[in-house]
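Asker: What follows is a single structure, and I will ask about it in a moment.
The values are calculated or read from the model by the stated rules, or taken from the named source; none is laboratory data. Quantities reported herein were computed from a predicted structural model and do not represent experimental measurements. Positions of Cβ are generated from backbone atoms using ideal geometry, with glycine treated the same way; all protein chains shown enter the neighbour counts. Side chains are part of the model used for accessible areas, which takes the heavy atoms of the whole protein and leaves out ligands, DNA and RNA. Shrake-Rupley method; radii C 1.70, N 1.55, O 1.52, S 1.80 Å.
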Amino acid sequence: ITNGVHTFTWTCPEMAALYDAHLPGWANDPELLVRVDNIPDDALWEAHQTAKTRLLALVARLTGAVMSPDILTIGFARRMTQYKRADLLFSDIKRLTDIGEGRLQIVFAGKAHPQDEPGQRIIQRLVQAIQALRGRVTAAFLPDYNMDMALTVIAGSDLWLNTPRRPHEASGTSGMKATHNGVPNFSVLDGWWIEGHVEGVTGWSIGPPPRESTLTESDDTRDAHDLYEKLERVIVPLYRENRHGWIAVMKHAIGKNASFFNCHRMMRRYVTEAYLR
């Protein structure tokens, strides 16, 4: 039985108000989110931009980094541990700079366990990479990560990044939370994303599809190359040049993913498919 997240808890106020207006009853019956086409594109974009403005204000307050509401903003916020490869995006600083200068912003947040020294070193590498990008690609690492910050980062990002080493991602619930806020996923095909992914429709994949031959393999170079290629050739151009197309992906993230990857459906299936058997 596939995991799910609590819909109302992980929907930001702007999106909740939008759903209240166009999809009444959604909080108690998230399957109603399949009717997302009832929401006008302009209203969805305005709600998202308000959530994004709140995120950028938080970034400025905590780090001093000034970001633009008009630039594609990548979000990554979760437990900092080695298999999640938070630093994969920074594998090639020059390539990332060439792709992202004037076109990308990046927000990181998260904590490492006090005894997880490799996870702590990843945070150090993130901070070093952010410094290396300064003046060309604006990036920030937010301190003192907590649940409130998580929702702000998730809802205010334009694109949700997840880069685990397959097959270690048990679920990846932050990606489910992103869909409830109309934020497309850009993720390795592991955990829930194997089920939720439709390329170019609900978001985008990183690296190859899961196969028996790759279940115990990890190729950081291959995954980083695919990440950069899709950012440069697909994702950044779509965001910059085709707002209608980008909003269509946002709506599919809500209608196809948020309507299913929620705890209402999860608990119903536990009752009917596990507990009553």
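Asker: So what does residue 275 come to for accessible area, using a 1.4 Å probe and Å² rounded to 10?
Answerer: 150
Asker: Taking the Cα centre of the chain as origin, sum charge times position over the Cβ atoms of Lys and Arg (+1) and Asp and Glu (-1), and report the length of that vector in debye to the nearest 20. List each step's numbers first, then the result.
Answerer: Values: 31 positive and 32 negative charges, 80 e Å.
The dipole magnitude comes to about 380 debye.
Asker: Show which lysines lie in cross-link reach of residue 111 when reach means a straight Cα distance below 21 angstrom and same-chain residues fewer than eight apart are skipped.
Answerer: 84, 177
Asker: State, to one decimal in nm², a quarter of the convex hull surface area for the C-alpha atoms of the stretch 46-101, i.e. the direction-averaged projected area.
Answerer: Hull-based average projected area comes out at 5.0 nm².
Asker: Give me the percent of the accessible area of the chain that comes from carbon and sulfur atoms, probe 1.4 Å, all protein chains in place.
Answerer: Summing carbon and sulfur atoms, their accessible area is 51 percent of the total for the chain.
Asker: For the stretch 102-200, give the magnitude of the charge dipole about the Cα centre (Cβ charges: +1 Lys/Arg, -1 Asp/Glu; no others), in debye to the nearest 20.
Answerer: Roughly 420 debye for the stretch 102-200.
Asker: With point charges of +1 on the Cβ of Lys and Arg and -1 on the Cβ of Asp and Glu, referenced to the Cα centre of the chain, which listed residue (198, 130, 174) lies farthest in the positive direction of the dipole?
Answerer: 130
Asker: Now, a different point. Under the rule of -39500 (n - 2.57) per DSSP H run of 4 or more residues, summed and divided by the residues of the chain, what mean residue ellipticity at 222 nm is obtained, to the nearest 500 deg cm²/dmol?
Answerer: -12500 deg cm²/dmol
Asker: A further question on this structure: Only sites in a loop by DSSP and with at most 13 other Cβ atoms within 10 Å count here; which trypsin sites (Lys or Arg not before Pro) in the stretch 113-185 make the cut?
Answerer: 134
Asker: Give me the net charge for the shell around residue 119: Cβ to Cβ below 13 angstrom, other residues only, Lys and Arg +1, Asp and Glu -1.
Answerer: Here the charged neighbours net out to +4.
Asker: How much accessible area does residue 168 have with a 1.4 Å probe, in Å² rounded to the nearest 10?
Answerer: Solvent-accessible area, nearest 10 Å²: 110 Å².
Asker: For the stretch 120-190, what D do you get in µm² per second when you plug the Kirkwood radius from alpha-carbon pairs into Stokes-Einstein at 4 °C and 1.567 mPa s?
Answerer: 94
Asker: Ok, one more. Residue 206's amide H: which non-local residues (gap 5+, or another chain) put their own amide H closer than 5 Å, with H modeled 1.01 Å from N in plane and none for Pro or chain starts?
Answerer: Amide H neighbours of residue 206: 187, 188, 189.
Asker: Where in the stretch 142-225 are there GluC sites (Glu not before Pro) that are in a DSSP coil and have at most 16 other Cβ atoms within 10 angstrom of their Cβ? Mind dumping the intermediate values first?
Answerer: Working: sites: 169, 195, 199, 212, 217; in loops: 169, 217.
Taking the stretch 142-225 and a limit of 16 other Cβ atoms within 10 Å, the loop GluC sites (Glu not before Pro) found are 217.
Asker: Once amide H atoms are built 1.01 Å from N in the peptide plane, which residues 5 or more positions from residue 26, or in another chain, come under 5 Å H to H?
Answerer: none
Asker: In a shell of Cβ-Cβ distance under 12 Å around residue 51, excluding residue 51 itself, what net charge do Lys and Arg (+1) and Asp and Glu (-1) give?
Answerer: Net local charge, residue 51 excluded: -1.
Asker: Given q = 0.10, 0.14 Å⁻¹, what are the Debye log10 I(q)/I(0) values for the chain, with equal point scatterers placed on the Cα positions and solvent ignored?
Answerer: Those come out to -0.48, -0.98, one per q.
Asker: Going by accessible area, probe 1.4 Å, with all protein chains left in place, what is the ranking of 90, 108, largest first?
Answerer: Final ranking, largest accessible area leading: 90, 108.
Asker: Which lysines does residue 94 reach when only Cα atoms under 20 Å apart count, and residues fewer than 8 places away in its own chain are ignored?
Answerer: Counting by Cα, and skipping residues close in sequence, residue 94 has these lysines nearby: 230.
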